[in-house]
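Comments concern the structure below.
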Amino acid sequence: MISYELGVEDLADTRFALSPVHETVLSLRVLREPGLSALHLPWRRSVLGRVGGLDTGLLLALVSARRTLPDFLTPRPTVFAPEFEDELAAVRRTPPATVRHDLLAAHSPGPLPTPLSPATTGDDSDAAALRDAICDLLRRYWEIAVRPVWPQMRLLLEADMTYRARQLAMGGARRLFADMHPNLRWHEGVLYIDRMISEYHVSASGRGLLLVPSVFAHKPAPPVSAVEPPVLGYPSRGVATLWTPPPTADAPALVALLGASRTRLLGLLEEPLPTVELARRLRVTPSAVSQHLGVLHAAGLVTRARHGRQVLYRRSDLGDRLTGAQP
């Protein structure tokens, strides 16, 4: 079990961030183990045919038999939405001793796989060379496997954060963590992460908690080491919608009333989503979605709210009742 003790100031400093490097590194688990998440099989199939020119032996060696990953590969984001290259530069600045420590810790109690053996020589130049080779490989892998789908991944992750912020506003920290994952529980100022390989207790002591939603995390993903600041990757909501075809209406009466396009659109708005994400899921143009949203909003079936530069739409209570969903 891992636990984070959070004081009042830590809760006040709890924030969310996106991390393209986190997603890139966590996706290696799915690439290595197709049975880990059936939801990602369409993504995995599309990637396998394009990574043949990469050193996949080194890439997959980063994932231990216990599925843990070296902490230095997932640096704590310092801004809300860092660029991949900025995060990778932070990884490249990791001291050789830390590279060696994190690789050994991630693969403990077993030995390091052969592709990672330069880290065991004790020579800093060997560890630094391995670190740089890993960074170069991750950049190429990002370009092939993750960057093409990053825009829609980011929209989904931002929608999850909007939902979590609503949970926090409605019920505080207890409600924020209540449905994040079954392995998470909040009790008397401590966030407990159950069923973890590592075991440690960390007092945040004014450092706050950073929450990083993830498409590729199948369960909570805190650091392996207790010396890292409190950060928690967690599975995002709505991941199944990324790789599956858009839903089709199955209520003939509702289709007759609204039309097929508006019925499908209303079905997607269980969670707040922007126009561009709705257009991607429905495979139509954003302007077409905007027209339908205008009609649904005028009829009181959807609500809208601005979030940064985006306008997010969600089914209203009337829309929930019309579709038979629980408000």
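Treating each Cα of segment 189-312 as an identical point scatterer and summing with the Debye formula, the log10 of I(q)/I(0) at q = 0.19, 0.20, 0.22 Å⁻¹ comes to -1.01, -1.09, -1.25. Ratio of Rg to Rh for segment 76-188: 1.09 [Cα atoms; Kirkwood radius as inverse mean 1/r over pairs]. Per-residue SASA remark: ILE144, around 40 Å² accessible (1.4 Å probe; ligands, DNA and RNA not included).
Extension gain, VAL8-LEU36: 0.36 nm per intervening residue step, less the Cα-Cα distance, totals 6.4 nm.
Only Cα sites of segment 1-159 enter the Debye sum here, all with the same form factor; the resulting log10 I(q)/I(0) across q = 0.09, 0.19 1/Å is -0.32, -1.32, listed in q order. If you average the sequence gap of Cα pairs under 8 Å that are 6 or more apart and divide by the length of segment 200-296, what percent do you get for the contact order? Computed value for segment 200-296: 19 percent relative contact order. Across the chain, Cα-Cα pairs more than 35 Å apart make up 27 percent of the total. Classify segment 1-70 as rounded, prolate or oblate from the Cα gyration tensor: take a ≥ b ≥ c as the square roots of its eigenvalues, call it rounded if a/c is under 1.5, otherwise prolate when a/b beats b/c and oblate if not. Verdict is prolate for segment 1-70. The H on the amide N of TYR234, modeled in the peptide plane, is under 5 Å from the matching H of VAL212, SER214, ALA221, each at least 5 residues off or on a different chain. Computed in the context of the full set of protein chains, the accessible area of the chain at 1.4 Å probe radius has 54% of its extent on carbon or sulfur.
Other residues with beta-carbon under 13 Å from the beta-carbon of VAL215 carry, at +1 per Lys or Arg and -1 per Asp or Glu, a net charge of +1. Compute the long axis of helix 286-298 from its Cα atoms, compare it with the longest principal axis of the Cα atoms of the chain, and write down the angle in degrees, 0 to 90, nearest 10. The angle comes out at about 50 degrees. Probing with 1.4 Å while keeping every protein chain in the model, the per residue accessible area of segment 172-327 equals 49 Å². Each other residue within a Cβ distance under 14 Å of ALA90 adds +1 if Lys or Arg and -1 if Asp or Glu, for a net charge of -3.
The values are calculated or read from the model by the stated rules, or taken from the named source; none is laboratory data. Just so it is clear, the model here is predicted, and its values are computed rather than measured. Backbone-built Cβ (ideal geometry, glycine too); neighbour counts: all protein chains shown. Accessible surface is based on the protein model in full, side chains and every heavy atom, while ligands, DNA and RNA are left aside. Shrake-Rupley method; radii C 1.70, N 1.55, O 1.52, S 1.80 Å.
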